[in-house]
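So the structure is just underneath, and the comments pick up after that.
Computed from the coordinates by the stated procedures, all read-outs in this text should not be read as laboratory data. Everything numeric in this text was worked out from a predicted model, so none of it was measured. Because the Cβ atoms are built from the backbone with ideal geometry, glycine has one as well, and the counts that use them run over all protein chains shown.
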Amino acid sequence: MKKFTVILLYPDYLSENFGHDVYTAHVDAAGPGMAIRRAQEMATTKEFVKDFHPIAIFHGHQENFL
């Protein structure tokens, strides 16, 4: 398993400021596709999992220092 950092965009119906609200997840997965799927599952229920769109994926667990 490899470590990934995945950044997902919140859907408009859950966002107070659409385009600015993101979800960041640190996941362990075999590849980028599985990492995105795991991050989506962490962000929400299975019913809405596809509504969280990936906007970036990085190798390793990156910290946000903002």
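Using the rule -39500 (n - 2.57) for each DSSP H run of four or more residues, divided by the residues of the chain, the 222 nm mean residue ellipticity is -5500 deg cm²/dmol. Remark: the stretch 11-24, residue by residue, has Karplus-estimated 3J(HN,Hα) of x, 4, 6, 10, 9, 7, 9, 3, x, 10, 8, 10, 10, 10 Hz, where x stands for each Gly or Pro and the curve is 6.51 cos²θ - 1.76 cosθ + 1.60 at θ = phi - 60°.
Ranking A56, A35, L8 by how far each Cα lies toward the positive end of the dipole of the chain (charges on Cβ) leaves A35 at the top. Could you tally the net charge around S15, taking each other residue with its Cβ under 11 Å from the Cβ of S15, Lys/Arg +1 and Asp/Glu -1? For residues surrounding S15, the net value is -4.
Candidate values [x] 1.82; [y] 1.12; [z] 1.07 were compared with Cα Rg over 2.2 N^0.38 Å computed on the shown model; the agreeing label is [z]. Between F18 and I55, the contour length at 0.36 nm per residue exceeds the Cα-Cα span by 12.0 nm. GNM remark for the chain: springs join alpha carbons under 10 Å apart, and the peak mean-square fluctuation among D28, D12, D51 falls on D12. In this simple spin-label approximation, E47 and K3 carry label points 7 Å from Cα along the Cα→Cβ vector, and these lie 3.5 nm apart. Net charge in the neighbourhood of A43 (other residues with Cβ under 15 Å of its Cβ; Lys, Arg +1, Asp, Glu -1) is -1.
Its relative contact order, with pairs defined as Cα atoms under 8 Å and 6+ residues apart, puts the chain at 45 percent.
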